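The values are calculated or read from the model by the stated rules, or taken from the named source; none is laboratory data. Predicted, not measured: the structure shown is a model, and the values here were computed from it. Neighbour counts are summed over all protein chains in view; Cβ atoms, including those assigned to glycine, are modelled from backbone coordinates with ideal geometry. The area values use the complete protein model at the heavy-atom level, side chains included, leaving out ligands, DNA and RNA. Shrake-Rupley method; radii C 1.70, N 1.55, O 1.52, S 1.80 Å.
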Amino acid sequence: MARKKKQMVNTRARNIIANENPKSPIAEQFRTIRTNLQFTTVDSELETMLVTSASPSEGKSITTANTATVFAQQGKKTLLIDADLRKPTVHYTFRVSNTSGLSNYLVGKQQVTDLARETDVENLDVITCGPIPPNPSELLGSNKMKQFIEEAKQTYDMIVFDTPPVLAVTDSQVLSNFVDGVLLVVRSKQTEKEAAVKAKETLEQAKANILGVVLNDQDLKSSNYYYYYGQ
């Protein structure tokens, strides 16, 4: 079945600066993130990744949206999935309906292409969260989740998951075993050092492949985003 067309809804919109102002310094920082991510997997192509943060309100979801956007701008057919089955935001960001999404796939018989919706960004589709389930961690760790990823890889070059904060719930840890790598977002002057270290250690305990860290909202003259890689 063909993917669904974008359905416009009135909701709390967010700015995807990599699409709206691609020549801005911030957009360039996201392209730097993309380049560095690709260099972290030199022996194999990066096809699936998730983005998480240590705690809430650290800029995880908007970082995820912009990172997916710059992969799409590179010509990769990209799918962004809202795997935050507790407090989803992708439908707000891309102004689409959330009547059906990932949770429907995990408990039903839909196909990836039934749920994927086009966005204003060329080469970028999204799958929203769908109805919030009572058991997010169990669904994300299920064989159906593995099936979802394998099915999505048949259509898309790059698959990016937006997931809950790693210190809040176990969802990101569970899903990290199914993807090629994890990008961790922390926020300048907000994320405590202990929380950032704990988030990193928690992902390592789950045997996640940590690709790097995004320091968000750093007070720099040229940008509000700065990327560094290292463990």
Original post:
How would you rank 71-78, 198-205, highest first, on the average number of other Cβ atoms within 10 Å across their residues?
Top reply: 71-78, 198-205
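How much of the accessible area of the chain, probe 1.4 Å, is carbon plus sulfur, in whole percent?
Exposed carbon and sulfur together represent 47 percent of the surface.
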Original post:
Could you give the radius of gyration (one decimal) and Dmax (whole number) of the Cα atoms in region 28-91, in Å?
Top reply: 12.3, 35
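Using only alpha carbon positions, build the gyration tensor of the chain, then give the equivalent ellipsoid semi-axes as the square roots of 5 times its eigenvalues, largest first, whole angstrom.
On the way: eigenvalues 120, 85, 57 Å².
After diagonalising the Cα gyration tensor, the semi-axes are 24, 21, 17 Å.
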**OP:** Over the chain, average the accessible area per residue using a 1.4 Å probe and give it in Å², no decimals.
**Re:** 46 Å²
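Based on alpha-carbon positions alone, could you give the equivalent ellipsoid semi-axes of region 150-195 from the gyration tensor, as √(5λ), descending, whole Å?
Three semi-axes, in Å: 26, 12, 8.
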**OP:** May I ask you to derive the relative contact order of region 89-184, considering only C-alpha pairs under 8 Å and at least 6 residues apart, and to give it as an integer percent?
**Re:** 24 percent
Subject >> Top positive-direction residue, dipole computed over the chain with Cβ charges, set V174, P136, T119 >> reply: T119
Original post:
So what is the relative contact order for the chain, in percent, with contacts set as C-alpha pairs under 8 Å and at least six apart?
Top reply: 28 percent
Subject >> Dipole of the chain, positive end: most advanced residue of L50, T69, N36 [Cβ charges, Cα centre] >> reply: T69
Original post:
In this model, which of K60/K200; K87/K200; K76/K153; K144/K200; K146/K198 are farther than 19 Å apart at the alpha-carbon?
Top reply: K87/K200; K144/K200; K146/K198
